[in-house]
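First comes the structure, then the notes that go with it.
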Amino acid sequence: MKDCIFCKIISGEIPVKNKVFEDDKVFAFEDLNPQAPVHILIVPKKHIACLNEVNQENSELLGYIQLVASQIAKQKNLEGGYRLVNNCGADAGQTVLHIHYHLLGGRIFAWPPG
Ligand code: AMP
Ligand code: ZN
């Protein structure tokens, strides 16, 4: 989608510092402003704005992202645990309106989150 920063990253128009994973459905890269020693964004190549746009057709893709997340977590040696976070909407702090999952690890996380 035009004017979407993550679509531009996926197409290569905007370079990323470190690509972590790519296949025909998903793109993963290091967050520009990391909140943990491991902070990777996992993004479907298809433009979906947020979880409110999930339907029968694209729900399988979001399930697949969780498989990719678990594989990246293994690759990054996050045996002790990690968080997979989706911010949906302004109240949750979503700033990029292309659905994405934050894979966070390498430190202890508090609960409840801020
Ligand atoms: P959210 O607040 O859940 O929408 O998360 C958006 C995330 O995208 C933030 O953690 C930003 O640091 C990250 N981000 C924005 N632009 C870039 C970029 N060009 N490369 C890597 N991460 C980015
Ligand atoms: Zn997009």
Worksheet item: For segment 1-16, which residues satisfy the criterion of being near ligand 1 (Cβ under 7 Å from one of its atoms) and open to solvent by 60 Å² or more (accessible area, probe 1.4 Å)?
Response: 5
Practice prompt. Return only the number of the condition from (1) charged (D, E, K, R); (2) touching a residue at least 40 places away in the same chain (Cβ under 8 Å); (3) part of a helix (DSSP H, G or I) that residue 107 does not satisfy.
Written response: (3)
Discussion item. Taking the criterion of being touching a strand residue (DSSP E or B) at 6+ places or on another chain (Cβ under 7 Å) and more than 16 Å from ligand 1 (Cβ to nearest atom), would at least one residue in segment 18-36 satisfy it?
Written reply: yes
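For segment 57-82, name all the residues that are crowded, with 17+ Cβ neighbours inside 10 Å, away from ligand 2 (no atom under 15 Å from the Cβ) and not small (Gly, Ala, Ser). Spell out the reasoning first.
Step one: list which residues in segment 57-82 are crowded, with 17+ Cβ neighbours inside 10 Å, which gives 65, 68-69, 72-73, 78, 82.
Those left that are additionally away from ligand 2 (no atom under 15 Å from the Cβ): 68-69, 72-73, 78, 82.
Selection gives 68, 72, 78, 82.
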Fill in: Count of segment 93-114 residues which are within 15 Å of ligand 1 (Cβ to nearest atom), farther than 17 Å from residue 43 by Cβ and surrounded by 12 or more Cβ atoms within 10 Å (Cβ to Cβ)
1
Response to the item:
Filtering segment 70-84 for residues that are part of a loop (DSSP other than H, G, I, E, B) and within 12 Å of residue 109 (Cα to Cα) leaves a count of 2
Item to complete: Output the qualifying pairs, or none if there are none: Cβ atoms under 8 angstrom, residues six or more apart or on different chains, first residue in segment 18-36 and open to solvent by 80 Å² or more (accessible area, probe 1.4 Å), second residue assigned to a loop (DSSP other than H, G, I, E, B) and modelled with pLDDT under 95.
Response: 32/17
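The values are calculated or read from the model by the stated rules, or taken from the named source; none is laboratory data. These numbers were taken from a predicted model, which means no experiment stands behind them. Neighbour counts run over all protein chains shown; Cβ positions are idealised from the backbone, glycine included. Note: accessible area is taken over every heavy atom of the protein model, side chains too, but ligands, DNA and RNA are not part of it. Shrake-Rupley method; radii C 1.70, N 1.55, O 1.52, S 1.80 Å.
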